[in-house]
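The values are calculated or read from the model by the stated rules, or taken from the named source; none is laboratory data. What you see is a predicted model; the values in this text were computed from it and never measured. Quick reminder, even Gly has a Cβ in these numbers, built from the backbone with ideal geometry, and neighbours come from all protein chains shown.
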Amino acid sequence: MRVLFISNGYGEDYVAVNIIKELRKIDSSIEIEALPIVGEGFLYTKNQIPLLGPHKKLPSGGFITNLRILYKDLKEGLLNLHWKQWEEIKRWSKKDGYIVAVGDIVPLLLAKLSSKKFFFVSIQKSVYYTLEDDKKINIQKLSKNKAKEIAIRTYLLEYFLMRSENLLKVFPRDFLSHLILEKARINSEYLGNPMMDSLEPENKIKIDNFYNYIKILVLPGSKIPEAYYNFHLLTDGILHLLKSRSDENFLFLTAISPNIPIKELEYILFSKNFIKDVETEDYILFKNNNHVLILTHAFSDCIHHAQIGLCMAGTATEQFVGLGKPAIAIFGKGPQFTKKFALLQKRLLGDSLFIAKNPEEIPKIFSLIYNNNELLEKISLNGRKRMGEKGASRRIAEKIYQITKV
């Protein structure tokens, strides 16, 4: 059996790789290839998954939020790249096989145009984005037409592509989206959210000496140069927090994407009176009086150790919230993490995400959350509801195998 995974972004590649790993465990004879629409497919090559067709890192990183960014991508050969990728898909489709589209409309459209039977792992869209108040939705009383209206508003053109007779199954990212799609007569099944898989701690960061410290996650995002600006904002927020709570000790766990040069972040910390204290293979430790800040690539360690997050990221913030923890976001200037993006993320994550208009608001929001057990319990339940439990990659792989082996 041949299977082609098509994905369009780092988070989508992450999900695809997790499902592929599980498929290989079920049947190692499956011939699997991957086509990353955006980026160079680092996660695929790291996991020995063969790549199909051309792939290239573009200025937008997959986040085309305005005409200026689109122009930059076009200048770097966006149209030519996509045309060559489509040619590769047509070549691949001449033989028997199935396609798994992961992400949004781009891989979904390519899967539809291929004329092959396909699956769609929908991880970008959710009805939480479009519903004013999800608590007012009564699924049992919801009419088919109303469900269809919500589905079209949420998924736009994706809704019509999901009606394809070649679609074998849609796997939505949350249960409420599944219920709406199912009511709208889309072939949907909810098996959990694969973004919550492979997040087990690596134990690269030892924090035994910081048991009495308040542990804060810091996520500046993964896009350059945006991540540098975000880190400036986040460290400004950190300094305001330290000033407001001088009797506490803080440990800031800063999870850095592998593509970001740590040296650039060091310069920002030096400018704000942080002093480098320890450097190991896995992390760099800085001090500011009694407080500690760690720069590391050990993302899973950071999200498990941290109690509260200061986050200006997409998928990474969602994964942290999915562990049942609260996050605070600051409006950025983009191209990814803009005011609009933050407000949409607030809709998606609900009570688990708090919005600070500027770094000065961080201490006030922190005080609202910290040690507020009633609120933290509500946040924990909400985060797990919005993001689902781990294990979805295995269940999706099993379902794909079950359907294709019939």
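Tabulated results
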| item | result |
| --- | --- |
| Output for the stretch 203-214, where each listed residue is loosely packed, with under 14 Cβ neighbours inside 10 Å and in contact (Cβ under 8 Å) with a residue 40 or more places away in the chain | N203 |
| Some residue of the stretch 268-279 being crowded, with 19+ Cβ neighbours inside 10 Å, in contact (Cβ under 8 Å) with a residue 12 or more places away in the chain and either in a strand (DSSP E or B) or within 18 Å of the chain's Cα centre (by Cα) (or both) | no |
| Enumeration of residues in the stretch 9-37 that are of a type in the set (G, A, S) and closer than 15 Å to I396 by Cβ | A16 |
| Residue within the stretch 369-376 that is surrounded by 15 or more Cβ atoms within 10 Å (Cβ to Cβ) and without any contact (Cβ under 8 Å) to a residue 40 or more places away in the chain present | no |
| Residue ranges of strands (runs of 3 or more DSSP E) in the stretch 280-349 with at least 1 members among the basic types (K, R) and more than 16 Å from the chain's Cα centre (by Cα) | 283-288 |
| Residue satisfying condition, being among the aliphatic types (A, V, I, L, M), touching a Cys at 6+ places or on another chain (Cβ under 9 Å), surrounded by 20 or more Cβ atoms within 10 Å (Cβ to Cβ) and under 26 Å from V321 (Cα atoms), within set L265, L191, L217, L233 | L217 |
| Lone qualifier among A306, A342, A329, A356 - being buried (at least 20 other Cβ atoms within 10 Å of the Cβ), among the hydrophobic types (A, V, I, L, M, F, W, C), closer than 23 Å to E248 by Cβ and free of Cβ contacts under 8 Å to residues at least 60 places away in the same chain | A329 |
| Some residue of the stretch 28-42 being in the same structural domain as A397 (by TED's automatic domain parsing), closer than 20 Å to E87 by Cα, touching a Leu at 6+ places or on another chain (Cβ under 6 Å) and acidic (D, E) | yes |
| Cross-chain or 6+ apart pairs with Cβ under 6 Å, the stretch 25-43 first and closer than 24 Å to L109 by Cα, then in a strand (DSSP E or B) and among the polar types (S, T, N, Q) | P36/S7 |
| The stretch 86-109, subset among the acidic types (D, E) and in a helix (DSSP H, G or I), residue surrounded by the fewest Cβ atoms within 10 Å (Cβ to Cβ) | E87 |
| Qualifying residue in the stretch 371-382 (condition: closer than 26 Å to P172 by Cβ, outside the structural domain of N18 (by TED's automatic domain parsing), in contact with a helix residue (DSSP H, G or I) (Cβ under 9 Å, 6 or more places away or on another chain) and of a type in the set (S, T, N, Q)) | yes |
| Some residue of the stretch 309-326 being at negative phi and touching a His at 6+ places or on another chain (Cβ under 8 Å) | yes |
| F337 being within 21 Å of L265 (Cβ to Cβ), modelled with pLDDT of 95 or more and buried (at least 22 other Cβ atoms within 10 Å of the Cβ) | no |
| Residue list for the stretch 153-185, filter: more than 24 Å from Q402 (Cβ to Cβ) and free of Cβ contacts under 8 Å to residues at least 12 places away in the same chain | F160 |
